[in-house]
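Scroll down for the structure; my scribbles are underneath it.
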Amino acid sequence: MASETGAEDPTTNPDERTRTYGGVFGAFPYAFRASDSWLFRSYVVVGGAVAVLLTLVFALALVRLFGATAGARFSVVRAFFFLVGLAAVAPTIAPVLLVARSRRRGFSRRPGYEAGLAIAGYLFVLSLYLGLVAGMPEAFTLDGETITRPPPSGPLAPVVAFLYGLPQVVGWLIPVLGAALVGVVHWLRR
């Protein structure tokens, strides 16, 4: 739609409004280019790589699960597995999507919004690892072979020993708290 000056109005032309990026995949390069925070730019790269890795791991595991439950018409395990994968990937990409959206729409945010989301994103990725360590059983069977978790060693042995000592339910709680942190930082810094 043309205005009185003959120029296109960017608020009514959908191509002009969405020109900045097209969906999730376009949000990553857009957020990288639009951000002023080097910490956030580093998270765009690391968070994107982690999201791709998580997506591949869950997709391959889901294919294996389909093979193991062949013949089952509907399996609650399959649906639950998909939701767990989504719960791992969504908070990983949320900081990038939030910054891309706020930059595209021209929202003014408090100073440190992008850096705060980057820190929250890094802490979420760390919480995924800590949750895996805390939730690892002492021994489990994989392809008919009994596997025991390795003993804590190295400079982080006290931290690993502490995580091993926690109940396995805490393994789920740590990433949930990390995901909540992303939302809290967005809400507080907007």
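Every condition in (1) within 18 Å of Leu181 (Cβ to Cβ); (2) in a helix (DSSP H, G or I) is met by Arg109 except one, and the failing one is (2).
Each row is one residue, and each column tells you yes or no for (1) under 22 Å from Gly48 (Cβ atoms); (2) out of contact with any Ser or Thr (no Cβ under 8 Å at 6 or more places or on another chain).
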site	(1), (2)
Arg109	yes, no
Tyr113	yes, no
Ala139	no, no
Asp143	no, yes
Gly171	no, yes
Leu188	no, yes
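Take Pro158 and tell me if it is loosely packed, with under 12 Cβ neighbours inside 10 Å and not in a loop (DSSP other than H, G, I, E, B). Here the answer is yes, as Pro158 does meet what is asked. The number of residues in the range 6-37 being modelled with pLDDT under 80, outside any helix (DSSP H, G or I) and of a type in the set (D, E, K, R) comes to 3.
Scanning the range 42-95 for residues that are in contact (Cβ under 8 Å) with a residue 40 or more places away in the chain and more than 22 Å from Leu177 (Cβ to Cβ) turns up Ser42, Val44, Gly48. Restricting Gly112, Gly121, Gly131 to those that are within 29 Å of Gly22 (Cα to Cα) and surrounded by 19 or more Cβ atoms within 10 Å (Cβ to Cβ) reduces the list to Gly121. Selection of the range 52-106 for residues being part of a helix (DSSP H, G or I), among the small types (Gly, Ala, Ser) and surrounded by fewer than 13 Cβ atoms within 10 Å (Cβ to Cβ) yields Ala59, Gly67, Ala68, Ala79. Looking at Ile119, is it hydrophobic (A, V, I, L, M, F, W, C) and either over 23 Å from the mean Cα position of the chain (by Cα) or in a strand (DSSP E or B) (or both)? So Ile119 fails the test.
The values are calculated or read from the model by the stated rules, or taken from the named source; none is laboratory data. Small disclaimer: the values here were computed from a predicted structure and weren't measured. When we count neighbours, we look across all protein chains shown, and the Cβ atoms used for this are built from the backbone with ideal geometry, even at glycine.
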